[in-house]
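The next block holds one structure in the form of structure tokens; read it before the comments.
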Amino acid sequence: MSSTDTAVSTVITGISTLVTNDPSLGDGSPLGLVRDAAVVIEGDRVVWTGESSKAPATDNRVDAGGRAVLPGFVDSHSHLLFAGDRTEEFNARMSGRAYSAGGIRTTVAATRAASDEELEAGLVRHLAEALRQGTTTFETKSGYGLTVADEARALRIAARHTDEVTYLGAHIVSPDFADDPAAYVDLVTGEMLDACAPHARWIDVFCEKGAFDGDQARAILTAGRARGLHPRIHANQLSYGPGVRLAVELDAASADHCTHLTDADVDALASGRTVATLLPGAEFSTRAAWPDARRLLDAGVTVALSTDCNPGSSFTSSVPFCVALAVRDMGMTPDEAVWSATAGGAAALRRDDIGRLAPGARADLLLLDAPSHVHLAYRPGVPLVSQVWRRGVREV
Ligand code: NIG
Ligand code: FE
């Protein structure tokens with residue numbers, strides 16, 4: 001493209017390291033790194049990336065001042081439709097008590113009692129927090145209502161803020177159905193699905209002892225698929241189980257958590273398209289053993305990194321924090337962790353318009369107050385994200 005072809009909206013120059021996630025660009029690595037780079041944005045799209053010296057001339061120029069530029073983070077797993085607080089439960093865990101999915105009931109009670117305005121205000125607050133830390137796309141789930149009306153309203157509110165909305169009526173068996181879990185599965189696959197499907201893109205199940213077993217999860221995901229929802233699964237978080245293999249069998253976009261994996265689980269993931277989404281905030285906040293990212297990567301599995309932001313098991317909205325944990329404790333290199341938090345998240349949402357900075361991609365990007373993306377892990381806990389652009393507009 002030359003500067004006379006089309007009106008160039010903005011050129012960002014003076015980029016020390018540009019992460020394109022396009023191996024055909026730059027150094028040819030999976031991150032497609034370009035040094036001393038520029039990005040040209042037109043409208044909401046990237047139209048050109050390359051070396052600064054070759055960038056088309058334009059008046060509308062932003063100098064990155066030697067900062068690194070990355071695709072905006074794609075947080076493909078969060079639970080932001082909730083009310084209330086579980087500080088006490090966290091405190092008890094940090095004094096030695098184990099995490100239990102039963103804590104979800106505390107949030108269900110608080111969420112049911114909240115007004116629509118309160119629920120939406122909480123969502124907006126957490127989204128703003130995430131945006132400041134570089135998240136430009138997020139997925140979020142219902143799952144703290146567990147009645148037809150409460151699940152549907154959570155999804156309705158979520159859909160005002162993101163296209164990546166997930167119906168998780170099958171988070172746990174509703175306390176109202178404690179004596180008849182089969183009837184709750186009937187509700188989740190029947191009337192509740194009817195009310196929720198119009199507002200969601202995805203259907204998710206917590207496949208775990210104490211939540212839903214493999215047969216129930218299969219029935220729920222299959223029913224969702226028949227209504228046009230695509231499956232994803234909370235799988236193998238607290239124990240070994242059928243979730244990961246079921247995810248691959250159903251061609252789910254993602255199996256999330258993947259903390260307890262057999263060799264057969266890893267082989268299944270390596271053989272299919274299902275992304276393994278790792279959520280180190282959950283292991284951090286529950287003092288559990290880390291998922292083994294190295295084992296998955298070495299087997300050729302596509303790995304995504306996300307926050308799992310929720311009030312119980314992982315109350316962080318910070319992708320940079322998860323990147324640092326993944327590098328320190330899960331065997332990932334900084335390059336791999338950054339790829340997983342951007343392109344990996346996009347893969348887990350089956351999207352190719354985000355998570356990369358190449359011509360045609362959405363102009364979602366962040367500037368780091370650092371010379372390279374490696375500093376996200378090298379300087380943990382430091383607020384390095386200095387600008388965030390979404391759809392070609394600077395928002396932070
Ligand atoms: O992804 N695993 C199930 N759901 C959440 C936890 C929800 C909660 O404890 O409130 C998770 O970790
Ligand atoms: Fe989760």
### Query
Here is a list of conditions, (1) over 30 Å from F315 (Cα atoms); (2) in contact with a Phe, Trp or Tyr (Cβ under 9 Å, 6 or more places away or on another chain); (3) part of a loop (DSSP other than H, G, I, E, B), and V11 meets all of them except one; can you say which number that is?
(3)
#### Entry: Residue check, R201 under 16 Å from the mean Cα position of the chain (by Cα) and within 14 Å of ligand 2 (Cβ to nearest atom)
no
### Query
Residues in the stretch 200-208: is at least one within 16 Å of ligand 1 (Cβ to nearest atom) and either at pLDDT below 95 or in contact with a Cys (Cβ under 7 Å, 6 or more places away or on another chain) (or both)?
no
### Message
Taking the criterion of being over 29 Å from G355 (Cα atoms) and outside the structural domain of A361 (by TED's automatic domain parsing), would at least one residue in the stretch 118-134 satisfy it?
### Response
yes
### Query
Looking at the stretch 259-283, which of its residues are within 12 Å of ligand 1 (Cβ to nearest atom) and under 20 Å from T140 (Cβ atoms)?
T277, L278, L279, P280, G281, A282
### Message
Cβ-Cβ under 7 Å, sequence separation 6+ or interchain: first residue in the stretch 220-234 and within 17 Å of G272 (Cα to Cα) and within 16 Å of ligand 2 (Cβ to nearest atom), partner among the small types (G, A, S) and in a loop (DSSP other than H, G, I, E, B). Which pairs?
### Response
P231/A252; R232/A252; R232/A253; I233/A252
### Query
Which members of the stretch 289-315 meet the condition of being buried (at least 19 other Cβ atoms within 10 Å of the Cβ), closer than 17 Å to V327 by Cα and within 16 Å of ligand 1 (Cβ to nearest atom)?
P291, A304, L305, S306, T307
### Message
For the stretch 319-396, give me every one of the helices (runs of 4 or more DSSP H) that falls completely inside it and has 1 or more residues that are touching a helix residue (DSSP H, G or I) at 6+ places or on another chain (Cβ under 7 Å) and crowded, with 24+ Cβ neighbours inside 10 Å.
### Response
319-329, 334-339, 375-378
### Query
Here are some conditions: (1) touching a strand residue (DSSP E or B) at 6+ places or on another chain (Cβ under 6 Å); (2) more than 16 Å from ligand 1 (Cβ to nearest atom); (3) free of Cβ contacts under 8 Å to residues at least 40 places away in the same chain. V248 meets all but one. Which one does it not meet?
(1)
### Task
Could you grab the pairs with beta carbons closer than 6 Å, sequence gap of 6+ or different chains, first residue in the stretch 110-134 and over 22 Å from A343 (Cα atoms), second one in a helix (DSSP H, G or I)?
R112/D150; L119/I157; E120/I157
#### Entry: Failed item, numbered, when D27 is tested on (1) in contact (Cβ under 8 Å) with a residue 60 or more places away in the chain; (2) away from ligand 2 (no atom under 16 Å from the Cβ); (3) among the acidic types (D, E)
(1)
#### Entry: Residues within the stretch 129-155 that are under 18 Å from A178 (Cβ atoms) and basic (K, R), tallied
0
### Query
List the pairs whose first member sits in the stretch 306-317 and is in contact (Cβ under 8 Å) with a residue 24 or more places away in the chain and part of a loop (DSSP other than H, G, I, E, B), whose second member is within 9 Å of ligand 1 (Cβ to nearest atom) and of a type in the set (K, R), and whose Cβ atoms are under 6 Å apart, counting only residues at least 6 apart or on separate chains?
P311/R86; G312/R86
### Message
For the condition within 12 Å of ligand 2 (Cβ to nearest atom), of a type in the set (A, V, I, L, M, F, W, C) and within 19 Å of the chain's Cα centre (by Cα), what is the one hit in L238, L279, L296, L269?
### Response
L279
### Query
Which of the residues spanning the stretch 281-305 are among the aromatic types (F, W, Y) and in a loop (DSSP other than H, G, I, E, B)?
W290
### Summary
Exception for R93 within (1) more than 16 Å from ligand 1 (Cβ to nearest atom); (2) modelled with pLDDT of 95 or more falls at (1)
### Task
Output the qualifying pairs, or none if there are none: Cβ atoms under 9 angstrom, residues six or more apart or on different chains, first residue in the stretch 36-49 and farther than 9 Å from I15 by Cβ, second residue polar (S, T, N, Q) and part of a strand (DSSP E or B).
V40/T10; V40/T49; I41/T10; E42/T10
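The values are calculated or read from the model by the stated rules, or taken from the named source; none is laboratory data. Note that this is a predicted model, so its numbers are computed, not measured. Positions of Cβ are backbone-derived with ideal geometry, glycine not excepted, and every protein chain shown enters the neighbour counts.
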